[in-house]
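Data block below; observations after.
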Amino acid sequence: QKQLVESGGGLVQAGGPLRLSCVASRTITSVFNTADWEWYRQAPGQQRELVATLTNRGNTVYADSVKDRFAISKDSRRKTVYLEMNNLKPEDTAVYYCNKVPSRLDWGQGTQVTVSA
């Protein structure tokens, strides 16, 4: 069983929304709650980039490119981290991954988001 399982990606037209989920079912609850959680994305030929962070205190930080369009949240009971994405743009096309800090887990398979113009 993988440590991180991302889902929710798909093909969407520009301007549309998507909601990504990342389940960390193997992470014990206390670790889930005390970690900072992050969403990353990697476009073809590009390095993986950090797009959103949710600290254990509930603070959020976003990359400038997604600010005011993306929102990160979590459900501790479900050990799931979400990324709400609105007003998607073709440049948001990438494979999206989540992970935690400190002590990153093995990377999941990611979920593909493709935004058509």
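The values are calculated or read from the model by the stated rules, or taken from the named source; none is laboratory data. From a predicted model like this one, the values you see are computed outputs, not experimental measurements. The accessibility values were calculated without ligands, DNA or RNA, using every heavy atom of the protein model including side chains. Shrake-Rupley method; radii C 1.70, N 1.55, O 1.52, S 1.80 Å.
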Please list, ordered by chain and number, the residues whose modelled amide H lies under 5 Å from the amide H of D36; skip anything fewer than 5 residues away on the same chain. N56, V101
How big is the antiparallel share of DSSP beta bridges in segment 1-98, given as a percent to the nearest 5? 100
Under a straight-distance cross-link criterion of Cα-Cα below 16 Å, which aspartates and glutamates are reachable from K89, leaving out those fewer than 8 residues away in the same chain? D64, D68
For the chain, which whole-number percentage of the solvent-accessible area (1.4 Å probe, protein heavy atoms only) is attributable to carbon and sulfur atoms? 47
Using the Karplus curve 6.51 cos²θ - 1.76 cosθ + 1.60 with θ = phi - 60°, what ³J(HN,Hα) values do you get for each residue of segment 42-48, in whole Hz, with x for Gly and Pro? 9, 8, x, x, 10, 7, 5
Which ³J(HN,Hα) values, rounded to whole Hz and listed in residue order, are derived for segment 69-80 from phi using the Karplus coefficients 6.51, -1.76 and 1.60 in 6.51 cos²θ - 1.76 cosθ + 1.60 with θ = phi - 60°, glycine and proline given as x? 10, 10, 9, 9, 8, 8, 10, 5, 5, 8, 6, 10
